[in-house]
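For reference, the structure discussed in these notes is given below.
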Amino acid sequence: MKSSTLNWPPVVLSVLAIVALALVTSSFVIINPGQAGVLSVLGKSQEGALLEGLHLKPPLVSNVDVYDVTVQKFEVPAQSSTKDLQDLSGRFAINFRLDPTEVVNIRRTQGTLENLVSKIVAPQTQESFKIAAARRTVEEAITQRAELKQDFDDALTTRLAKYGILVLDTSVVDLNFSTDFAKAVEDKQIAEQRARRAVYIAQEAEQEAQAEINRAIGQAEAQRLIAETLKAQGGQLVLQKEAIQAWKDGGAQVPKVLVMGQGGNLPFILDMQQLEGGETTATPIVNSPSTSSVKKK
């Protein structure tokens with residue numbers, strides 16, 4: 001009995017030490033970087049978020065809910081109708097984070113991050129997509145995808161800011177429309193390409209026609225100049241020279257003797273052999289003033 005009585009003080013001291021340690025450890029909390037805490041005392045959330053660092057709190061009767069305030073990413077589906085009443089569906093990747101100064105309100109209204117995503121982020125994504133899609137037709141939603149995304153971003157940012165959610169970035173993962181409309185868009189694009197091709201062919205034909213006209217004008221002008229040259233003095237000799245050159249170029253048999261006379265002029269004989277050798281001899285014919293003949297050897 002005596003020995004048992006003597007052992008009481010160390011046991012009591014040990015218990016007191018354990019209690020004291022528990023009181024000390026429950027009297028402060030450490031909030032790490034990228035986190036924010038909400039202090040609750042007897043189940044009631046206290047004002048003011050606990051940011052990173054060491055914080056004191058009432059022991060035993062309080063607890064701290066810690067929220068991750070780093071960037072979160074979720075993919076959210078959405079469906080809507082366009083301005084021309086076509087069905088349009090999409091899937092969006094949303095990067096956001098919680099505003100550390102608003103975690104107390106988030107704790108009071110939404111509770112956990114999972115509740116926040118399912119009850120706030122997903123529905124507001126759906127509503128924001130409806131706002132953006134209703135401003136344009138389904139064809140414009142496809143051709144003006146950047147504008148559609150901008151309208152969606154603006155609407156979603158404004159809506160989620162009221163709940164302490166900061167939207168950092170969004171991206172359109174997928175955008176779908178009905179199969180019938182897809183076929184109609186494809187047919188329209190093909191028709192437009194054919195129309196542009198027809199316009200190009202017409203323009204090409206017009207340019208070719210204009211080129212033919214220009215060539216005809218050039219030929220007519222050349223013929224006019226030739227006619228004027230022939231009317232001038234020496235025009236007959238020009239024709240004679242061109243005829244001789246044509247015989248040479250064409251490979252035809254060139255007459256060896258050429259007798260020419262026209263318009264009452266004195267006829268003369270050209271010795272073609274001498275002409276080919278670089279010498280030209282013209283012999284007048286007196287007895288036959290109107291004779292024009294060609295003799296070949």
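Tabulated values for the structure
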read-out: Filtered residue count, the range 74-92, keeping only those that are free of Cβ contacts under 8 Å to residues at least 24 places away in the same chain and either closer than 15 Å to ASP174 by Cβ or not assigned by TED's automatic domain parsing to the domain that holds ILE120 (or both); value: 1
read-out: Single condition SER14 does not satisfy, out of (1) of a type in the set (S, T, N, Q); (2) within 13 Å of VAL103 (Cα to Cα); (3) exposed (fewer than 11 other Cβ atoms within 10 Å of the Cβ); value: (2)
read-out: The lone exception for LYS119 - which of (1) at pLDDT 90 or above; (2) under 20 Å from SER171 (Cβ atoms); (3) not aliphatic (A, V, I, L, M) it fails; value: (2)
read-out: Evaluation of ALA146 against (1) of a type in the set (A, V, I, L, M); (2) more than 20 Å from ASP68 (Cβ to Cβ); (3) surrounded by 15 or more Cβ atoms within 10 Å (Cβ to Cβ) (one fails), failing number; value: (3)
read-out: Every residue from the range 121-146 that is farther than 20 Å from LYS188 by Cβ and either part of a loop (DSSP other than H, G, I, E, B) or free of Cβ contacts under 8 Å to residues at least 12 places away in the same chain (or both); value: PRO123, ALA134, ARG135, ALA146
read-out: Selection count, the range 156-172, where residues are more than 21 Å from TYR67 (Cα to Cα) and touching a residue at least 60 places away in the same chain (Cβ under 8 Å); value: 4
read-out: Enumeration of residues in the range 16-36 that are out of contact with any His (no Cβ under 7 Å at 6 or more places or on another chain) and either at pLDDT 90 or above or part of a strand (DSSP E or B) (or both); value: ILE30, ASN32, PRO33, GLY34, GLN35, ALA36
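The values are calculated or read from the model by the stated rules, or taken from the named source; none is laboratory data. Owing to the predicted nature of the structure, the values given are computational and were not obtained by experimental measurement. Reconstructed Cβ throughout: ideal geometry from the backbone, glycine too, with neighbour counts over all protein chains shown.
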